[in-house]
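One structure is given below, encoded as structure tokens.
The values are calculated or read from the model by the stated rules, or taken from the named source; none is laboratory data. Fair warning: this is a prediction, and the values are worked out from it, not measured in the lab. In this analysis, Cβ positions are derived from the backbone assuming ideal geometry, glycine residues included, and neighbour counts consider all displayed protein chains. Side chains included, ligands, DNA and RNA excluded: accessible areas come from the protein's heavy atoms. Shrake-Rupley method; radii C 1.70, N 1.55, O 1.52, S 1.80 Å.
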Amino acid sequence: MPLDTSAYSLALLRVDGRRWNELRRIHAQIRTQAAADGSSYLEMGHTKVMCVVTGPSEPGPKRGGMTGGVGGGGGERSSTADVSVSVVIAGFSSVDRKRRGRGDKRTLELQSTISSALAASLHTHLHPNSTIAISLHVLSQDGSLLAALINAATLACIDAGIPMTDYVVACTAGSTSTYAANDEGADPLLDMNHQEEQELPSLTVATLGSSDRVAVLVCESRVQVSRLEGMLAVGVDGCKQVREILDRVVREKGRRMIQEGTIEKGMSLDDMDID
Amino acid sequence: MASLKRSFDSDPLAANISSKVYVRSTKSGKVQKIVREVYLRQDIPCSSKLCKTCLATAPKTASGTPIPPVLSNAPAGTKNFPQGHYIVPDTNAFLTAMDLFEQDSAFYDVIVLQIVLEELRNRSLPLYNRLVSLTKSEDKRFYVFFNEFRLETHIPRLEGETVNDRNDRAVRKAVAWYGEHLARTKVKTIPAVVMLSNDRDNLRKAKAEGIHACSLAEYVKQLKGGERLLDMIPETEDGDVIKEKKPGQLLYPEYFTMSKMMTGVKSGLLHQGTFNVSPYNYLEGSIRVPAFPKALLVLGRENINRAVDGDLVVVEVLPKEQWKEPSTQVIEEETIAKNENPDADEGEDVISEKERKALQEEVKRTQSKTTEGHAQPTARVVGVIKRNWRQYVGHIDQSSVSQSGQQGRKQDSVFVIPMDKKIPKIRLRTRQVAELVGKRILVTIDAWDRGSRHPTGHFIRSLGELETKAAETEALLLEYDVQYRPFPKTVLDCLPKEGHDWKVPASTDDPGWRDRQDLRDLLICSIDPIGCQDIDDALHSRPLPNGNIEAGVHIADVSHFVRPNNAMDTEASIRGTTVYLVDKRIDMLPMLLGTDLCSLKPYVERYAFSVLWELTPDADIVNMRFTKSVIKSREAFSYEQAQLKVDDASQQDDLTKSIRTLMALSRKLKQKRMDAGALSLSSPEVKVQMESETSDPIDVKTKQHLDTMSLVEEFMLLANVSVARKIYEAFPQTALLRRHGAPPKTNFDELANQLRVKKGLELNVESSRALADSLDKCVDEKEPFFNTLIRIMATRCMMAAEYFCSGTQAYPEFRHYGLASEIYTHFTSPIRRYADLVAHRQLAAAIEYEAVHPSVRSRGRLEAVCKNINVRHRNAQLAGRASIAYYVGQALRGKATEEDGFVMKIFSNGFVVLVPRFGIESLIRLRDLAEPEPVASFDAETYTLRTSGSREVAVELFQKVRVRVTDQKDETTGKRGVKMEFIRAY
């Protein structure tokens, strides 16, 4: 068994060889499923998720057969689009095969967090009486799951062409020593992997684009208040880096689509503002 | 269709990412495949002060402070490496010779590779912790190089390569890289990078690759004074030669594989437990397993199969025809295995002829008895889960030293006899036999393979001549794992800056006075043993207008000075308790606090934590409260002084009156406790009187019991119980409490049977109340001491009280059996016990004096603290007793007195006598009675031993006997102890 997180102080290296302020490798692709309205695939280290967006569409039995969210029967009329999120965590995604039922509380919480984060930055008022169905699938888990899900959902929404104020980007931050150790000199950590999440305090933060506006902040572990500020600062900084990476992916895909002639050239230059 | 396939070429980072795949099995037997990312980098410094490039890229913490380089720019040289050298040991080097690396004379500038650290952690956590603390020490210059994360030194495992081979290759790769890297610095003298390994194959490959490499022995020989260090290299390494000579001569059965044991234990066919050796018979062990109410017996060398006392082992129950009775015979290793030759392990059977004979007699007796019910299930050890080997104190068996060993410096095998009789002899190979004979030495066990009858070990250091005060005291402290080193500077830095001049601030506006009650006008005094310097507690009482009485217990406010989680707190939590030896006290907290600033000395103001009760004259509690306070003790009495004052009717001052009131209340409190079923137990307690100047022991006195002692005791118990209730109410999950489990009834089986047979008395163990009552009835009109004797024996049947965290037990389990209290904790001695300090913090939080500190609320952490202090507490008691035993021996030196004693235990070839006057017990063997050894017949039913022939004696259990007590140097343990000679029975 390799060393655990307590070895950090020996040479300022984390369990996987990163420094405190380094992200894991992020690999992202958009438009992975041609038939969908919007889709994406995202890896943050060994956390792998895919996302498919359907809509905005009229809620009804024909399209968007997905349950969840509000617009079930279409009887009620709302002035904004409804963002319904479903998260499916594959049984094979973690080390031990685990079957999670529909009503799993953790999954429900993930869904509602993502849904409210995206609803705030998508221009839902442009699509009254419709549903945006975001379907997320977790293929592999290695920490920072919520962050990866938010990032994948953002990419898929962009691919689907849903108007939004800015990227909602997320990442996690932690601290190098446990709550009980109460080490004043603990360093903050960026982008926690599974082992670190198990052993150390951590939080997930999502910001709106390159601004410092925090869209999501989830902290489920116990940590001293004095350490929280450092963790948050590192997390927000990480979000900016993630935005850069996602932005590059989107632009790269756009450029390719123009080259391949998937989109009319004239239109793209004006509307899509690529380079 | 869009393809999701991607090539790694497009990713600039791809080359730097590797992954680590390994398979592990969990406790429940599941096999998991773990895949982890590994990010390879080039900015991991070599950490040599010679290298300027690495200095520039030194990693920084979040606050921007870089890690300074560790390795010296002019490392020490050896014969073969005059230019200086850095050492890179492999895992085996650390596993086998960690003691070497902790030496002060050599082993500086060591590069610890990450792979080595990881392997070490897998193999032995204690060694890993020792190594980590070495890397943190500034003067040893140990640097951890994360070779697995550095791009150049990371190597993937090749097809068909074993993990070990791969790791060895990684070590060689790192050594080679270091060599090249340092060569690039272009300094004049480039230190050599030397790999230390004991693996021949690895050394050979290293030589082939052109890397500097040495075996440990080769390396140590190059050092100055290496001869001395050579002994610390475990014998298995250079013992290769011996092994090759005699292959296949295996004395012990092979252990089962780990997986076979695990499945066996899971299916209930095998049993797991801690192996305990009988203190009277080194060939008999017992093991308690959860499946059976009574312990399983493990008899004989072959069945014990290399298990050492304290090891976690797996046993298999033997077929019924092999079940036996526990031995009624004393078998000591030195008498039976006296003339073994340490070099001659060959050819002999594992059980020597004499041992076999001793066992045969056992069997005969068991079989002669028709009562089959007496035979107990026996078992044999089939594997060891975890060794509990530590460092052992012992001395070299004079008889095992060969003549040549006395003179030359040739390596020689000798036996070391550990002080702890339960540990087998350890075979040691050393070149300094001549110097070590007659010394107390510290050794450790390295291995015990199937081919050798005794475990092999190596020498660590010498403590000094046998029977010198310094050596014996240190031996004792080491044997009981007492932390006796002086407090490090980091701890002393936590003390108040004013030192001895610290005073309670005069102004009540000072932050120190926040929420403190001013109790300086109360007539408070302390009552302690003579010469007590660390005064934890003080008391007062005063009448209230309504006829009730206010009584107060004031405890030193240690938690004011020792803040949670600083260096001093950590040190105290490791030490756990102050250890009292006859001539020495090993403090838990630095002297300044323990004997001055915290100590409730008379005539000065001190911070205290007070418990105040309003009691009716019948000692019923009307109400109580807890508060931090400032007090001024009026006087520090000794028990004797206080007793005189109380008894002297002419003394009518307020202070004396208040002590009398407390005395009256304490009697009522005691009566209430007794009514509830509290036990009054006993242990032989004596006090050694020392000559004041030379501190040589001159006399031994039994401790006298005074009423003032029970006065203090009762109020301390009351305070502890009150505090326990309060902190449990405030922290139902994390209160630190103390419990004393009810002993299993079977514990008393033997004693009850003995009483029934010998005295016709019944021992009722239904409840503590019933036990207390039946103990009261155990009296012999002719012999007043008989009752105490039974109480001493009953005490030994009890469980040990333990600290625990309230969340780990159900409420009914909280009970303190001995005190017959529902709930109990330790609160009254924070200067000398860490548990009390934690209770202080919890109580302070419970009364909202201060915020709850996370360390007193984290259950996991408290459990760890409890585990440690339970062990420390026990060790401190044992060390204290051993110290008294040693000094009793010294006090009796050269004297011979006749004393009365009582037979406590009886075997077929000897009996144990307790002499209350000295509080000592000793074994008298048949062969001590007369020469030649008299023939004896032993009746186990009636506990009687009759001898005939050379001397005719009849001895039975509980009998009063006359013995001659002399001192004698015990050849086995090297301790001076008492020897008893039987004179006559009464």
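Rounded, prolate or oblate: pick one for chain B, where a ≥ b ≥ c are the square roots of the eigenvalues of its C-alpha gyration tensor, a/c under 1.5 means rounded, and failing that, prolate if a/b is larger than b/c, else oblate. Oblate shape, in that a/c is at least 1.5 and b/c is the bigger or equal ratio. Only Cα sites of chain A enter the Debye sum here, all with the same form factor; the resulting log10 I(q)/I(0) across q = 0.11, 0.12, 0.13 1/Å is -0.64, -0.76, -0.87, listed in q order. Taking 15 Å as the straight-line reach from the Cα of B:LYS224, the aspartates and glutamates in range (excluding those fewer than 8 positions away in the same chain) are B:ASP104. Ordering B:GLU161, B:GLU956 by accessible surface, largest first, gives B:GLU956, B:GLU161; the 1.4 Å probe counts only protein heavy atoms, with every chain in place. Return one number: the angle in degrees, 0 to 90 and rounded to the nearest 10, between the long axis of the Cα atoms of helix A:145-160 and the longest principal axis of the Cα atoms of chain A. Its long axis makes an angle of about 20 degrees. Can you give the helix-only mean residue ellipticity at 222 nm for chain A, where every DSSP H stretch with n ≥ 4 adds -39500 (n - 2.57) and the sum goes over all residues, rounded to the nearest 500 deg cm²/dmol? -9500 deg cm²/dmol, from helical runs alone.
Give the lysines reachable from B:LYS782 as a straight Cα distance under 17 Å; neighbours fewer than 8 places away on the same chain don't count. Filter leaves B:LYS758, B:LYS759, B:LYS960. Counting other Cβ atoms within 10 Å, keep those with at most 14, restrict to DSSP loop, and tell me which chymotrypsin sites (Phe, Trp or Tyr not before Pro) in the range B:527-635 are left. Taking the range B:527-635 and a limit of 14 other Cβ atoms within 10 Å, the loop chymotrypsin sites (Phe, Trp or Tyr not before Pro) found are B:TYR603. Treating r as the C-beta distance of B:ASP707 and B:ALA676 and R0 as 25 Å, the FRET efficiency rounds to 0.75.
The HN-Hα couplings worked out from phi for the range B:629-637 by the Karplus form 6.51 cos²θ - 1.76 cosθ + 1.60 (θ = phi - 60°) are 8, 10, 10, 9, 6, 7, 7, 10, 8 Hz, whole numbers, x standing for Gly and Pro. Is there a pair in B:LYS687/B:LYS895; B:LYS670/B:LYS905; B:LYS60/B:LYS136; B:LYS173/B:LYS205 whose C-alpha atoms are over 22 Å apart, and which pairs would that be? Pairs exceeding the cut-off: B:LYS670/B:LYS905.
Computed from point charges on the beta carbon alone (+1 for Lys and Arg, -1 for Asp and Glu), the dipole magnitude for chain B about its Cα centre is near 2420 Debye. Placing a label point 7 Å from the Cα of B:GLU498 along the Cα-to-Cβ direction, the residues of the range B:601-619 whose backbone N falls under 18 Å from that point are B:601-609. Projecting the Cα atoms of A:CYS239, B:TYR887, A:VAL88 onto the dipole axis of the protein assembly as shown, where Lys and Arg carry +1 and Asp and Glu carry -1 at the beta carbon, places A:VAL88 farthest toward the positive end. Only Lys, Arg, Asp and Glu carry charge here, each on its Cβ (+1 for the first two, -1 for the last two); on that basis the protein assembly as shown has a dipole of about 1800 debye about its Cα centre.
Oblate is the label for the range B:391-466. Its Cα gyration tensor axes, ordered a ≥ b ≥ c, give a/c of at least 1.5 and b/c at or above a/b. The shape of the range A:159-221 can be summarised by an equivalent ellipsoid whose semi-axes, obtained from the alpha carbon gyration tensor, come to 29, 12, 9 Å from longest to shortest. A Cβ-based charge dipole, computed about the Cα centre of the range B:391-466 with Lys and Arg at +1 and Asp and Glu at -1, lands at about 120 debye.
Taking a straight line from the alpha carbon of B:LYS260, these aspartates and glutamates sit under 16 Å away, with near neighbours fewer than eight places off in the same chain left out: B:GLU316. In the range B:895-985, taking the dipole from charged Cβ atoms about the Cα centre, the farthest positive-side position among B:PRO916, B:SER950, B:PHE938 is held by B:PRO916. The 3J(HN,Hα) values that the Karplus relation (6.51, -1.76, 1.60; θ = phi - 60°) gives for the range A:215-232 are, in residue order, 9, 9, 9, 10, 9, 9, 10, 8, 8, 5, 4, 4, 8, 5, 4, x, 4, 5 Hz. Gly and Pro appear as x. Dipole orientation for the protein assembly as shown: of the candidates A:SER9, B:VAL604, B:LEU711, A:SER9 has the Cα lying most toward the positive pole (charges on Cβ; Lys, Arg +1; Asp, Glu -1).
Here the spin labels are modelled as points 7 Å beyond Cα on the Cα-Cβ line, and at B:ALA208 and A:ARG102 they lie 6.4 nm apart.
Among the trypsin sites (Lys or Arg not before Pro) in the range B:95-202, those located in a DSSP loop and surrounded by at most 14 other Cβ atoms within 10 Å of their own Cβ are B:ARG184, B:LYS186, B:LYS188. Estimated at the nearest 10 Å², the accessible area of B:VAL35 is 70 Å² with a 1.4 Å probe. Rg and Dmax of the range B:895-985, based on Cα coordinates, read 12.7, 38 Å. Extents of the protein assembly as shown, taken as max minus min of Cα coordinates on every principal axis and listed largest first, are 121, 90, 68 Å. Over chain B, DSSP H runs of length four or greater, each weighted -39,500 (n - 2.57), average out per residue to a 222 nm ellipticity of -9000 deg cm²/dmol.
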